[in-house]
Amino acid sequence: MALDIIARAMATAARTAAASAANPVPIGRFADLPTRSVDAAWSAVITSGYAATGFGRGVYVADAVATGALAAAHPRFCKADAAGRMFRLLPDDNGLIPVACAGANGQSVPITNASVDDRAAIQAAEDYKHAIGAAGLSFDARYYAIRRTPRTNLATADIHTSLSGLTFVANSSTRWKSTHPQGSTLLRRKVDGTAYDKTDKQTIAGVDWRGGFLFMEGQTSDPGDPSVGSLILEDMTFDGGLRLADGLTFEICDKAVWQSNDRFCGHITLAGRTRIIGFTSELVYGAQGTLTSAADRIITVGPGVEIGETGGSCLNPNGQTLRVDRCLLYNAYIGIEGWTGRTGGYLKAVFRDITHGNSLQGGVASGPPLTYYVPNAPAGSPLPLGHLDIVLERAARFDVGSWITGRILAIDTPVAIGSSDVFVNGAEMVDLDIISTCDRAGLPGGVSLIGGGNGAMNIRNVTVRLDLKRSAYAVANNFWHQSAVYTYGSIGPNVVVALGANDGGASPIKVAAAAYDWGITVKGWSFIESGCYTPDSFWDVEAGNGGTLPNNRPVIAFTCSGTATGAKNVNLPTVKVNPGTRMFVANYTRNSVNPGLSTKVNGSNFRTGIDEVLPTDYTVACFEFTGSKWRVVERV
């Protein structure tokens with residue numbers, strides 16, 4: 001913002017100086033300036049175009065900035081008249097350099113093999129902008145053809161060694177804005193100008209190289225001002241010419257919006273009808289100068305922005321703070337990965353047709369000796385909660401880490417919290433409303449809690465309010481949730497799932513593998529005969545006679561062998577059980593032996609001291625843990 005104000009002030013001052021002449025001199029095309037002698041009394045000239053009339057009209061001023069050195073470095077923008085006096089292009093009133101004034105005319109109809117390559121002209125405009133301290137570039141055409149530029153340094157793909165082969169490079173804060181009513185599209189083409197495809201690349205030191213699109217060069221030390229090196233895109237489309245359906249795989253050297261790796265860059269803002277599509281790497285890649293400084297940078301994505309069609313990820317903020325508001329992330333290997341950043345970071349977006357997965361946690365980035373997926377709270381800073389308000393449509397899986405609040409509408413998409421294969425420290429301080437909907441597929445659970453090894457207990461202090469729903473198509477095709485909660489591995493204390501709607505009658509918990517440590521509290525589940533039992537719900541009361549029931553199964557059905565006889569007794573768990581936990585216990589021994597085995601829950605489990613007997617005829621009782629003892633809630 002500061003640079004934009006400065007640029008506007010510079011442009012206004014220069015234009016005021018130009019207007020002090022009685023009339024700026026019209027000279028025709030800028031290319032004709034060397035053939036014209038401008039009277040010494042005139043400080044400005046007005047062109048009818050750059051190389052052709054009507055394309056690239058501009059105001060040029062003779063001032064202290066217009067020197068021979070500037071003309072030598074930027075001949076598209078600064079020339080001498082016939083008398084040798086230098087004139088340079090002024091930015092417009094917004095501080096922007098029109099790319100048409102560099103000869104980038106674009107076109108009003110879609111790009112063809114005969115389209116002129118505008119890459120060099122646009123890069124020249126960006127370089128001139130940097131030289132005079134302007135705010136950015138303006139684009140007035142609907143379409144621009146951008147041919148891939150080959151990398152000349154064939155020894156290494158390291159961008160810190162050489163910037164050759166990058167499509168565009170910005171060395172300072174810049175704003176690229178379309179003035180066309182429908183926005184401007186920059187479409188990548190092959191080196192020969194034909195339609196781009198996967199074959200048009202180089203192999204540099206074993207690395208696939210395509211050069212990405214707009215590279216933001218960063219600084220090696222922190223400038224102290226997080227706005228330095230910022231990027232704003234308004235109504236701009238960057239189209240790399242590829243689509244996920246082409247069979248894209250992840251490559252590291254084809255980032256669309258590419259802040260310099262491990263350097264200090266500024267904020268990223270995508271606004272209006274901006275679209276970033278068609279590359280093989282991350283589509284928006286944030287720089288990470290240091291772990292904590294990255295969170296001082298903000299990635300802002302406005303409503304209507306679309307980011308997709310990639311073999312990589314749509315958003316990789318790399319620890320920068322998110323301000324993402326109602327955009328679409330689609331047709332990608334990964335939708336998002338990383339952190340929400342400092343307190344106030346949020347993600348509001350639709351994820352559609354993500355093939356691999358997504359992962360996000362609150363906090364700022366953390367690094368060695370920890371791992372990439374560990375949140376961090378800066379010393380003296382408030383707890384950096386991130387907020388989600390997202391829709392997931394066939395988005396593979398969405399992994400939620402620590403310090404996240406908000407709501408998720410998930411359609412045919414599992415939502416997992418604290419997955420040990422993603423977050424080394426699991427998840428804590430999570431509070432979510434989740435509506436899980438089956439439409440074209442069934443799901444193992446409305447929410448998954450995937451813990452680590454025995455004793456880890458890294459998933460803790462998690463609250464989920466969960467609704468399970470099905471579309472008419474799902475009902476007709478028998479798609480449903482196997483359970484409200486799908487879990488395995490170690491779970492810590494205070495993990496509570498409050499169940500609302502349960503379309504399809506899912507069981508409360510499906511334990512996929514070994515589950516140990518604390519039990520998960522499922523509230524709001526009403527006993528339903530059909531579908532309430534999963535294979536892990538059954539407990540052999542004959543073999544376990546006198547023993548203690550497991551603490552992580554809200555529904556238990558007693559079984560026995562076909563030769564079992566006599567009454568049996570059991571105890572309810574009291575270790576690592578959350579207060580408020582409810583357990584349904586059913587006597588289903590009649591399925592194994594006739595007339596079944598009468599079973600009692602010993603009175604020592606209750607404050608009353610009275611045994612609770614479950615007769616043999618499919619009787620069910622519900623018990624609730626009060627913190628040290630259990631109470632009988634209902635008999636079904």
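The values are calculated or read from the model by the stated rules, or taken from the named source; none is laboratory data. All of these numbers come straight from a predicted model, not from anything done at the bench. Note: ideal-geometry Cβ built from the backbone for every residue, glycine included; neighbour counts use all protein chains shown. For the accessible areas, the whole protein counts, side chains as well, though only heavy atoms, and no ligand, DNA or RNA atoms are used. Shrake-Rupley method; radii C 1.70, N 1.55, O 1.52, S 1.80 Å.
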- Item | Per-residue ³J(HN,Hα) for region 557-567, Karplus 6.51 cos²θ - 1.76 cosθ + 1.60, θ = phi - 60°, Hz, x for Gly and Pro | 10, 6, 10, 6, 7, x, 10, 5, 9, x, 7
- Sequence-distant or interchain residues sharing an amide H contact under 5 Å with Trp339, placed H: which? Asn318, Gly319, Gln361
- Round to a whole angstrom and tell me the spacing of the C-alpha centers of region 516-548 and region 121-142. 67
- Query: Which angle from 0 to 90°, rounded to the nearest 10, does the C-alpha axis of helix 2-19 make with the longest principal axis of the chain?
  - Reply: 20
- Task: Take every DSSP beta bridge whose two residues both sit in region 508-636, then give the antiparallel share in percent to the nearest 5.
- Result: 50
- Query: Can you give the angle from 0 to 90° between the axis of helix 119-132 and the longest principal axis of the chain, with both taken from C-alpha atoms, to the nearest 10?
  - Reply: 80
- Query: Roughly how many Å² of Ile354 are accessible to a 1.4 Å probe, to the nearest 10?
  - Reply: 10
- Task: Quickly rank 457-464, 254-261 as a protection proxy: mean count of other C-beta atoms within 10 Å, highest first.
- Result: 254-261, 457-464
- Task: Report, for the chain, the % of DSSP beta bridges that are antiparallel, rounded to 5.
- Result: 20
- Of all accessible heavy-atom area on the chain, the percent that carbon and sulfur account for (1.4 Å): 54
- Value of relative contact order over the chain, rounded to a whole percent, pairs C-alpha under 8 Å and six or more apart: 5
- Query: Over region 83-171, what is the relative contact order in whole percent, taking alpha-carbon pairs under 8 Å and six or more residues apart?
  - Reply: 32
- So what is the accessible area of region 515-636 per residue, in Å², with the probe set to 1.4 Å? 44
- Taking θ as phi - 60°, what are the ³J(HN,Hα) couplings along region 168-177 by the Karplus curve (6.51, -1.76, 1.60), each to the nearest whole Hz, with x for Gly and Pro? 10, 10, 10, 9, 7, 3, 8, 10, 9, 10
- Task: Quote to one decimal, in nm, the extra length available between Ser604 and Thr300 on full extension: 0.36 nm per residue of separation minus the C-alpha distance between them.
- Result: 103.5 nm
- Query: Which value, in Å² rounded to 10, gives the accessible area of Trp480 with a 1.4 Å probe and all protein chains present?
  - Reply: 80
- How large is the Kirkwood hydrodynamic radius of region 570-631, in angstrom, based on all distinct alpha carbon pairs? 12.2
- Message: As a test question: what accessible area, to the nearest 10 Å², does Lys177 have when a 1.4 Å probe is rolled over all protein chains in place?
- Response: 50
- Ordering Tyr588, Tyr516 by how much accessible area each has at a 1.4 Å probe, largest first, what is the list? Tyr516, Tyr588
- Query: By a straight-distance test (C-alpha under 18 Å), which aspartates and glutamates pair with Lys255 as possible cross-link partners, with residues fewer than eight away in the same chain excluded?
  - Reply: Asp158, Asp197, Asp200, Asp208, Glu217, Asp239, Asp246, Glu282, Glu306, Glu309, Glu337
- Pairs of Cα atoms under 8 Å, at least six residues apart: use those to get the relative contact order of region 393-544, whole percent. 19
